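Report on one structure; see the data block that follows.
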C-alpha cells in the first residue's frame with residue numbers, strides 16, 4: 001500500500017502553513033487549496049525543464065514541499081520506540097535521509113502524474129482552538145477514479161503542518177513504521193539511515209497504469 005500512495009502526498013498536499021492570525025477553522029483547507037494550485041502550475045510551466053534536470057527538480061520539491069511538513073515529528077512517529085534510543089545526531093540523520101529517500105522515490109512519479117490528477121476538497125470541520133485537525137480530500141484521476149486522502153495536521157508554533165496522510169483509512173506513518181521496524185531491531189539505527197541514503201522505493205500513484 002505504501003508504494004501506491006506517496007505520490008498523492010506530493011500531488012495533493014503541497015503546503016500547509018498558515019499564520020496564527022488566520023487560524024480559523026477553515027484555514028488549513030483553504031491554504032492547501034491555494035498551494036496545490038501553485039505546485040501544479042509550477043510543474044506544468046517547467047515540466048520539460050524538470051525532466052531534463054532531475055537534481056534541480058528535486059531541489060524545488062525539497063524547498064517547496066518539505067518545509068510544510070513537521071518532519072521531526074514524522075520521523076519520531078516512524079521510528080517509534082527507537083526514537084528514544086537514538087542520539088540527537090542519529091535523529092537528525094534519520095530525518096534527512098528519510099526525507100531525501102522519499103524525494104528520490106516519488107518526485108519523478110509526481111512529474112509523470114501531475115497533469116492527470118486533480119484534488120476534490122470535501123467538507124472539513126475543525127474545533128476552534130484545537131491543536132490538530134484533518135483535511136479531507138479526494139484524489140481524482142483523469143479516468144474518473146477517486147481515492148480518499150486525509151491530511152492530519154497539527155499546530156507547530158503559528159503554523160499548521162502535516163504529520164500524517166491517510167489513504168483508504170491506512171496511515172502513511174504506521175505503514176513506514178511497520179516496514180522498518182525489523183531493520184531497526186536487527187541492524188540498528190545507523191544501518192537504516194545508511195540504507196535510506198541509497199534506497200529508492202517503487203513509486204506509484206493510485207489508479208495509475210503499471211509500467212512494463
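The values are calculated or read from the model by the stated rules, or taken from the named source; none is laboratory data. This one's a predicted model, so the numbers in the text were calculated from it and none came from an experiment. Note that each Cβ is placed from the backbone with ideal geometry, even for glycine, and that neighbours are counted across all protein chains shown.
List of remarks:
- Within the stretch 133-147, tally of residues that are part of a loop (DSSP other than H, G, I, E, B), farther than 28 Å from residue 49 by Cβ and touching a residue at least 12 places away in the same chain (Cβ under 8 Å): 1
- Tally of residues being closer than 22 Å to residue 171 by Cβ and surrounded by 19 or more Cβ atoms within 10 Å (Cβ to Cβ) across the stretch 51-90: 11
- Consider the stretch 148-174 and keep the residues that are crowded, with 18+ Cβ neighbours inside 10 Å and in a helix (DSSP H, G or I). The one that is modelled with the lowest pLDDT is 172.
- Among the residues of the stretch 47-74, those identified as in contact (Cβ under 8 Å) with a residue 12 or more places away in the chain and more than 17 Å from residue 160 (Cα to Cα) are 47, 50, 51, 54, 57, 58, 60, 61, 62.
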